[in-house]
Amino acid sequence: MNERRSRVVVSARRPNELRSLAALTLYPLLAMSRNVSTIAFGFLFPVVFIAVFGLIGDRGSSLHLGIAPSSAEGPVYAGLSQLPGLDLALADDQELAREMRAGKLDGIVEIRDGQVLLTVNTASPQAQVSRLWLEAALDRMNVQEAGITSPQHVLRVQEVAGRHERYIDFALPGQIGFALLSTAIFGTVFGLIYLKKALILKRLFATPVHGITILLGQGIARLILALAQTVLILAVGILAFGFQLANGWATALEILVLVVIGLFAFLGFGLFIAGRTTDENAASPLTNLFTLPQFLLSGVFFPTDAFPSWVRMIADVLPLTFFNAAMRQIATEGAGLQDVLPAILALCAWGVFSYVLAARTFKWV
Amino acid sequence: MHAAIQLDSPGFPAEFERDPIIQVSDLHKHFGSLAAVDGISFTVGRGEVFGILGPNGAGKTTTLEIMETLQQPTSGRVLIDGIDARGDSWAVKSRIGVQLQTAGFYPELSLIQLLRMFAALYNVRVDPMELLRRFQLEDKASTFYNRLSGGQKQRFSLATTLLHRPSVIFLDEPTTGLDPQARLNLWDLIREVRNEGTTVVLTTHYMDEAEQLCDRIAVMDRGRIIRIGTPRALIGELLGTGFRKPIVRQDATLEDVFIWLTGRSLRDE
């Protein structure tokens, strides 16, 4: 018995919070990266969406107008057929009418004695664009024929009217928001509930580590994931679909900073939802209630302008709306972080609100 | 107060009482109107294997978790190695090792990775391979936790409790669900740990386990400790009441037959 007691080891080293934090970032990150839903929601879906939108964007960037053989002659026709991005399909009147009804054509052009008659498909989102393009093309011809002496001004107007605003330019910033909200909410909610259910959180609590260090590690791990997603989405957009960053590397850096701000604003809601329960099924409705309206209303897949005003009132205060708007300004319009300060402040306000909410209701077990 | 009956019959290892490493006094834990732990007091001696027995819902796990500082008691006091568990829970956590009833590990991490993570959390330097070798898990070093068999999981869990050389380890039903070979093997490992000077507190539903492993046991029911003593003393007390088991002379049990037929070697490798 004495021999037993003599070998008692009393070694209680003070915990090292920094070492703990590093371990609680690295190892959960490793575990997350092996998790199928993390990879699907965070990496695969956004890239697939980008690919789909990239292809839509390419088709949408050219106008599909039909023209009957009887109109396909003369200087006006020659001018139109040289327009880049304008696809003039030759077919007889009946065929043209049929394709128009089927939605395959954006409009039908008829040319008689130098007069151009455009019949637009009102169901096509390109109807207005078709009009503007044709107007611009005809203006240019008029200008040339009339020999107007101050052409610079006119040229500038034409350039704006002819600019390619492709769907990918709209879709890509939206996908960054989509991936970010997925990682911040779905990842946090179901990840944390799993940690509770599998008693991983409890086992960690049996070690001399502070709860806040565990959560901070989770947060940093998600941040690393979110940054990796953003880089991937940008890389696919730029390399495969010709997405252009407004100011090159500076824009990329500002996008990443905005992602950091966005992640910490969204993370609070993840903690709030996951903190209240140990049951995925109980968390599911609240998770969807928080994410679905934002996926639909916050300008992820389509612009918010088209909504009725009362829907816009809701959409305009959602955190993802602020994030997406700021992201678009930075990514495609070349704004700096200082230009989107109101949106950043709004995100911070949402963040503070969510952390207060989470802190009041959070249950560790 | 509900004082536990302390037996003072021959065979009671009085040395454990003289050098207590855990002192629990008048501990209560209420969940709403339910008293999960209803005024219990006991001490565990340094170097002892102390078993807490009782039916489901008796309050064993709650008692364990209060000692592990994972739950706060409603009232009462727990001293671990002289430190108040409610006061400096971090000092307590550095001195104890904890095995939960189930899992508690990232399933998608390898054993080496898990050990490195826990080493960082306890702020100790260890050789993970040496620890794995000791628990016959050497060849599972890069296997994910969720690929282990039940016995391997329990051995690994035991290994993580010892990482930082704690004075006390708490094992919650360590052999539940294991096959006889894995159970016998785990008993050997627990005895080894005890022989190295670590105090062991465990809960169990198996009476043979308590009899084989424990220096003393506490029997809990409905949140109270109804008896504490050495297995021998408790059996003696029962016999003292005039209890006699119908005598069926049996020189071997079915478990002996099972081990005789299938051997002691572990099957989960």
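Listing A:291, A:213, B:253, A:361 from the residue with the fewest other Cβ atoms within 10 Å to the one with the most, what is the order?
B:253, A:361, A:213, A:291
List, in order, the whole-Hz ³J(HN,Hα) value for each residue of segment A:24-35 obtained from phi through the Karplus relation with A = 6.51, B = -1.76, C = 1.60 and θ = phi - 60°; use x for Gly and Pro.
Residue by residue, segment A:24-35 yields 7, 9, 4, 6, x, 4, 4, 5, 4, 5, 9, 9 Hz.
Please average, across the residues of B:108-118, the number of beta carbons from any other chain that are within 10 Å of each residue's own beta carbon, and give a whole number.
Per residue, the average neighbour count from other chains is 4.
Using 0.36 nm times the number of residues separating residue B:262 and residue B:212, minus their current alpha carbon distance, what extension gain do you get? Please report the intermediate quantities before stating the final value.
Details: separation 50, 0.36 × 50 = 18.00 nm, distance 2.10 nm.
Between residue B:262 and residue B:212, full extension yields 15.9 nm more.
Please rank B:117, A:100, A:327, B:207, fewest neighbouring Cβ atoms within 10 Å first, as an exposure proxy.
Least crowded to most crowded, the residues run B:207, A:100, B:117, A:327.
log₁₀ I(q)/I(0) of chain B at q = 0.15 Å⁻¹, via Debye over equal Cα point scatterers, no solvent, to two decimals?
Debye intensities relative to I(0), on a log10 scale: -1.17.
Among B:47, A:358, B:181, pick out the residue whose Cα is farthest towards the positive end of the charge dipole of the protein assembly as shown, where Lys and Arg carry +1 and Asp and Glu carry -1 on C-beta, about the Cα centre.
Toward the positive end, the furthest listed residue is B:47.
Could you give the dipole magnitude of the protein assembly as shown about its Cα centre, charging the beta-carbon of Lys and Arg +1 and that of Asp and Glu -1, in debye to the nearest 20?
Values: 57 positive and 59 negative charges, 458 e Å.
That gives a dipole near 2200 debye.
Note down the net charge around residue B:30, summing +1 for each Lys or Arg and -1 for each Asp or Glu among other residues with Cβ under 15 Å from its Cβ.
So the environment of residue B:30 carries a net charge of 0.
How big is the equivalent ellipsoid of segment A:158-250 along its three axes, where each semi-axis is √(5λ) from the Cα gyration tensor, reported in whole Å from largest to smallest?
Numbers: eigenvalues 329, 32, 17 Å².
Over the Cα atoms of segment A:158-250, the ellipsoid semi-axes are 41, 13, 9 Å.
What is the average number of partner chain Cβ atoms found within 10 Å of a Cβ in B:96-106?
5
For chain A, calculate the relative contact order in percent as a whole number, restricting contacts to Cα pairs under 8 Å that are 6 or more residues apart. Each step should come with its number before you reach the end.
Values: 431 pairs, mean separation 74.0, N = 365.
With pairs under 8 Å counted, the relative contact order is 20 percent.
Are any of the pairs A:196/B:140; A:363/B:93; B:60/B:245; B:60/B:140 more than 23 Å apart by Cα-Cα distance, and if so, which?
On the way: A:196/B:140 26 Å; A:363/B:93 20 Å; B:60/B:245 28 Å; B:60/B:140 32 Å.
Exceeds cut-off: A:196/B:140; B:60/B:245; B:60/B:140.
Longest exposed-loop-site-free stretch of chain B, with trypsin sites (Lys or Arg not before Pro), DSSP loop and at most 11 other Cβ within 10 Å? List each step's numbers first, then the result.
Numbers: sites that count: B:125, B:244, B:249, B:264.
Of all site-free stretches, the longest is B:1-124.
Towards the positive end of the charge dipole of the protein assembly as shown, with charges on Cβ (+1 Lys, Arg; -1 Asp, Glu), say which of A:208, B:210, A:121 has the farthest Cα.
Projecting each Cα onto the dipole axis, the largest value belongs to B:210.
Considering the options A:105, A:27, A:273, tell which one lies farthest towards the positive end of the dipole of chain A, charges being +1 on Lys and Arg and -1 on Asp and Glu at the Cβ, about the Cα centre.
After comparing all options, I get A:27.
What is the dipole size for segment B:139-269, taken about its Cα centre, with +1 at each Lys and Arg Cβ and -1 at each Asp and Glu Cβ, in debye to the nearest 20?
300 debye
If neighbour count is taken as other Cβ atoms inside 10 Å, put B:258, A:243, B:170 in order from fewest to most.
B:258, A:243, B:170
May I ask for the distance between the Cα centers of segment B:73-111 and segment B:240-269, given as a whole number of Å?
Rounded to whole Å, the Cα centres lie 35 Å apart.
Could you run the Karplus curve 6.51 cos²θ - 1.76 cosθ + 1.60 with θ = phi - 60° over segment B:252-263 and give me ³J(HN,Hα) per residue in whole Hz, x for Gly and Pro?
In residue order, the calculated couplings are 9, 9, 5, 4, 4, 4, 4, 5, 4, 6, 10, x Hz.
Just so you know, all these numbers are worked out from the coordinates, no wet-lab data involved. Since we're looking at a predicted model, the values are computed, not measured. Reconstructed Cβ throughout: ideal geometry from the backbone, glycine too, with neighbour counts over all protein chains shown.
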